[in-house]
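Have a look at the structure below before the remarks.
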Amino acid sequence: MKRFVGVTLAILLGCTFASAQHPKHIHEGRFYVGAQLGPMLNLYENHFSYKENGKTLGLITYQAGLVGGYDVNDIFGLRLSVSYAKNAGACNTRNTSAHGFYPYNFSSINAFADAILDLYGLSDLSTFFRIKLYGGMGVGHSFHMTESNHPWQKVTDPNTVFGFRFGGIVEYNFTDHFGIYGDLCGEAYTDKYNGLMPSAEEQASDYEGYGGFPLDLRGLLSVGVLYRF
């Protein structure tokens, strides 16, 4: 036990010392690539029907992606990403005579271009540990919709829509080249990403089954590895 505690303290002290000695501008003008994966929360039309039918966990699916970026300097960077995801949606529940549960799944490929702000780069800190914020724009392509068995509502397949997102990154670089990171992100797509585009009547406040929100939303939590050239 004492040996384990000693080794743990040595590692932590080593990381602290390495962070303190990490020179500024070491990432400036460098390209990197990475891979990430993690769970995803689906918030499309009728997402509430999952909870009402005891299937809340069905709203959590998965996604995986590849990223490539460029650190312009210690403060500002650019990134491109392409990801694949399995998604969970549902057709109208409350505006049917049976008030049934009509879930369906679909696949998607999403591409984004992000602008990244390194908060540590704004300070005088020189560290392997970084905290970053980003925002981006892109497109989402959804396809392979499964059958919902809804009595009248049809899901379009495929669909290509505009998207935007905001998120944060916590990054730790073990060496000058290798690092790991966590990425928490919220994405929004124009309606029809999930194959449904409610009419004006369906979006009215007195119409059961839709809140009228014009965007399809996803929340993503990813962990990844990266390599800097």
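Counting other Cβ atoms within 10 Å, keep those with at most 12, restrict to DSSP loop, and tell me which chymotrypsin sites (Phe, Trp or Tyr not before Pro) in the stretch 128-167 are left.
Answer in residue order: Trp152.
Under the definition of Cα pairs under 8 Å and six or more residues apart, what whole-number percent is the relative contact order of the stretch 31-168?
On the way: 311 pairs, mean separation 27.1, N = 138.
With pairs under 8 Å counted, the relative contact order is 20 percent.
Could you pull out the pairs from Lys55/Lys132; Lys55/Lys154; Lys51/Lys132 whose alpha carbons sit more than 32 Å apart here?
Lys55/Lys132; Lys51/Lys132
So, counting K/R as plus one and D/E as minus one, what does the shell of residues with Cβ under 13 Å around Val155 add up to? If you can, show how the numbers build up before the last one.
Working: positive: Lys154, Lys192; negative: Glu45, Glu147, Asp157, Asp191, Asp216.
Computed value for this residue: -3.
Show me, for the stretch 135-152, the HN-Hα J-couplings you get by feeding each phi into the Karplus relation (A = 6.51, B = -1.76, C = 1.60, θ = phi - 60°), rounded to Hz, glycine and proline as x.
Each residue's phi maps through the Karplus curve to give x, x, 10, x, 10, x, 10, 10, 7, 6, 6, 7, 6, 8, 6, 6, x, 9 Hz.
How high is the FRET efficiency between Asn53 and Val223 when r is their beta carbon distance and R₀ equals 30 Å, given to the nearest 0.05? Mind dumping the intermediate values first?
Working: r = 31 Å, r/R0 = 1.02.
The computed FRET efficiency comes out at 0.45.
Using modelled amide H (1.01 Å from N, peptide plane; none on Pro or chain starts), what sits under 5 Å from the amide H of Val72, excluding residues fewer than 5 places away?
So Val72 has HN proximity to Gly29, Gly77, Leu78.
No value in this document is a laboratory result; all are computed from the given coordinates. All figures in this text were calculated on a predicted structure; none of them were measured in a lab. Cβ sites come from the backbone with ideal geometry, for glycine too, and all protein chains shown count toward neighbours.
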